[in-house]
Amino acid sequence: MTNEELKTHLLSLIPQATFVETGEFLEIFIHSENILPLMKNLKDDEKTQFDYLFCLTCIDRISSFEVVYHLLSKNYKHILVVKSTISNIENPQTETVSHIWKTAEFHEREVYDLFGVKFINHPDLRRIFLEDDWKGFPLRKNYSDPNMIEL
Amino acid sequence: MDNLQKNITENKAVDNFDNKLSTLNLGPTHPATHGIFQNVLKMDGERIHSSEQTLGYIHRAFEKIAERRPYNQIRPLTDRLNYCSSPINNIGWDMTVEKLIGIEIPKRVDYLRVIIMELARIADHLICNSVIAVDTGALTGFTYVFQERERIYEIFEEICGARLTTNIGRIGGFERDFNETANKKLKLFLKEFPKRFKDFETLLCRNRIFMDRIINVGPISAERALNYGFTGPNLRAAGIDYDVRAMNPYSSYQDFEFKIPVGENGDTFDRFMVRQEEIKQSLSIINQAMDMMPEGPYHADVPEFYLPPKTDVYTKMEALIYHFKIIMGETKVPEGEVYFSVEGANGELGYYLISDGGRSPYRLHFRRPCFIYYQAFSEMIKGALLSDAIVTMSSMNVIAGELDA
């Protein structure tokens with residue numbers, strides 16, 4: 001599918017989604033509540049077949065968290081970037097996609113470890129790198145540590 | 001799992017222990033794991049019932065450190081991801097920044113980069129394949145090819161002054177061209193390596209014991225591999241011809257002819273053979289690049305980002321100013337967001353960089369192939385013998401530095 005076709009297809013799924021096309025890939029911005037049905041559809045739909053999640057990470061936008069999914073279809077060779085915004089910064093949580101793409105399991109644990117975003121229904125959501133009793137989430141912009149020198 | 005249950009019930013020795021499972025800690029430091037990570041195995045006698053991985057023993061928070069460093073100083077961090085093939089990481093990072101800024105790179109730099117990256121790939125695959133052999137008990141091949149790896153490191157040393165953590169190149173090109181010694185060493189390597197490599201291959205590939213130890217060990221299907229996000233030789237061994245160099249060519253890879261070897265079953269044998277074949281393809285790419293090497297400058301003309309040579313810094317006012325600005329991270333990079341990936345020795349090594357125009361990245365994420373495919377390990381070794389699990393691990397080429405970042 002071309003970017004235009006993808007766009008019309010995605011708009012039929014989530015009418016309130018917004019798009020950015022200035023970058024290299026087509027980006028779709030959605031709210032985190034819509035993530036699960038959208039992702040299921042993208043993977044299973046014959047027309048899209050996004051069978052390969054090649055990057056999952058998170059960005060702290062201060063007023064919100066943005067979970068970024070990079071998707072590729074092996075057959076059609078099209079790429080889509082899904083950016084899901086979590087506006088609740090006090091207790092950020094979103095649905096897991098690890099049962100759709102198994103690879104998301106470690107990715108999501110990494111995001112939980114470093115950003116504190118909780119993934120609902122994740123099979124094993126624990127810290128992956130840091131110790132279990134680590135205080136705070138280091139990759140958040142407001143994280144501070146007494147040993148860290150201000151620049 | 002059903003087979004496993006059958007094995008348990010049929011095995012009287014296990015019955016004597018009332019079918020109780022024993023726990024085995026493989027790691028964090030264990031001679032067979034080649035790195036610092038832990039596997040907690042639940043064992044049924046000598047069979048693995050289930051396993052769990054613990055990571056993070058050498059987590060150095062590179063993504064956090066990168067948020068406080070100027071772009072030029074992030075390259076040394078990437079050295080320490082997959083330290084068996086640092087040049088690929090370095091050049092990948094440089095190309096990510098170049099993509100963000102939009103620098104056009106001279107053809108010669110592309111070709112020099114291809115040569116260095118392919119040398120690094122050869123070095124990485126040599127380690128991986130020889131270590132598979134070591135883990136099955138065949139030490140000789142290891143000593144053969146480590147001598148060859150040493151030659152590659154000598155070439156790196158000639159180019160950039162370092163061997164393992166190379167910090168090779170600059171944003172915009174290289175700090176200097178290949179000198180005469182480097183070219184001489186490279187030519188000698190290209191002449192003599194194929195013969196040595198043949199020796200290594202004949203030692204192992206027709207070796208009955210070695211074949212018995214690796215065929216059908218630790219298999220994974222193409223569909224599962226894709227679902228787990230495998231890339232690189234491990235995915236190709238499962239039968240999917242995905243290679244970033246061909247799919248999305250960077251650094252003039254489209255100029256070269258090379259084959260993408262694929263396996264069938266995704267077992268240790270396939271992974272071994274795919275890497276063997278890739279070494280040959282890399283050699284052919286290096287030969288082509290040497291033959292077609294264009295003339296021209298060894299760096300792009302971007303004084304705001306490319307570190308000037310030291311002789312200029314000491315004698316020219318302008319060079320001194322740029323030197324100071326680059327070192328202090330005062331040059332402006334554009335706002336924006338890029339995802340750039342190179343075909344690392346283990347798979348797709350991606351850099352997801354978000355810049356807000358400041359002196360350091362707003363957010364930098366390394367997509368590390370090791371970290372992603374390592375989660376399949378516990379599925380791949382389920383029900384296998386412990387000694388097979390070790391071979392599976394070394395054939396996946398799990399590198400602790402890349403695992404933890």
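Ranked by how many other Cβ atoms sit within 10 Å of their own Cβ, fewest first, the residues B:Cys128, B:Cys205, A:Cys58 fall in the order B:Cys205, B:Cys128, A:Cys58.
If you take all other residues with their beta carbon under 10 Å from the beta carbon of B:Ile326, and give Lys and Arg +1 and Asp and Glu -1, the sum is 0.
Taking a label point 7 Å from the Cα of A:His31 along the Cα→Cβ vector, which residues of the stretch A:56-83 have an amide N closer than 20 Å to it? Counting backbone N atoms under 20 Å from the label point, the list is A:59, A:61-69, A:82-83. For the stretch B:128-237, the square roots a ≥ b ≥ c of the C-alpha gyration tensor eigenvalues yield an a/c of 1.5 or more together with a/b not exceeding b/c, which makes the shape oblate. Full extension of the chain segment joining B:Asn216 with B:Lys42 gains 60.4 nm, where the gain is 0.36 nm per residue of separation less the Cα-Cα distance. Across the cross-link table entries B:Lys185/B:Lys280; A:Lys40/B:Lys382; A:Lys102/A:Lys135; A:Lys40/A:Lys77; A:Lys43/A:Lys102; A:Lys102/A:Lys141, which are compared at the Cα atoms, the separations over 23 Å belong to A:Lys40/B:Lys382; A:Lys102/A:Lys135; A:Lys102/A:Lys141.
Looking at the P(r) of chain B, how many percent of alpha-carbon pairs lie beyond 26 Å?
Numbers: 45552 of 81810 pairs.
So the portion of pairs separated by more than 26 Å is 56 percent.
Using alpha carbons only, how many degrees (0 to 90, rounded to 10) separate the axis of helix B:107-135 from the longest principal axis of chain B? The two axes meet at around 20 degrees. Roughly what angle does helix B:140-160 make with the longest principal axis of chain B, taking Cα atoms, 0 to 90 degrees, to the nearest 10? The answer is roughly 20 degrees. By the count of other C-beta atoms within 10 Å, a proxy for reagent exposure, B:Thr315, B:Thr181 are ordered fewest to most as B:Thr315, B:Thr181. Summing charges over all other residues whose Cβ lies under 14 Å from the Cβ of A:Ser144, with Lys and Arg as +1 and Asp and Glu as -1, gives +1.
Sorting B:Trp93, A:Trp134 from the fewest to the most surrounding beta carbons within 10 angstrom yields A:Trp134, B:Trp93.
Work out, step by step, the length gained on full extension between B:Thr165 and B:Glu52: first 0.36 nm times the residue separation, then minus their alpha carbon distance; give nm to one decimal. Gain on stretching B:Thr165 to B:Glu52: 37.6 nm. Each label point was placed 7 Å from the Cα along the Cα-to-Cβ direction; for A:Ile120 and B:Gln73 their separation is 4.3 nm. When Lys and Arg each count +1 and Asp and Glu each count -1, what net charge do the other residues less than 11 Å away from B:Leu386, Cβ to Cβ, add up to? It works out to a net charge of -2. The calculated FRET efficiency for B:Lys198 paired with A:Lys135, based on their beta-carbon distance and R0 = 56 Å, is about 0.50. Principal-axis analysis of the Cα atoms of chain B puts helix B:86-101 at an angle of about 50° to the longest axis. Each helix, a run of at least 4 DSSP H residues, gives -39500 (n - 2.57); summed and divided by the residues of the protein assembly as shown, these come to -13000 deg cm²/dmol at 222 nm. For the protein assembly as shown, a crude dipole built from +1 on the beta carbon of Lys and Arg and -1 on the beta carbon of Asp and Glu, taken about the Cα centre, is about 880 debye to the nearest 20. Solvent-free Debye calculation, one equal scatterer per alpha-carbon of the protein assembly as shown: log10 I(q)/I(0) at 0.08 Å⁻¹ equals -0.55.
Every number here is computed from the coordinates shown, using simple stated rules; none is lab data. A quick note: this is a predicted structure, and the numbers were derived from the prediction, not measured. For neighbour counting, all protein chains shown are included, and Cβ atoms are generated from backbone atoms with ideal geometry for every residue, glycine included.
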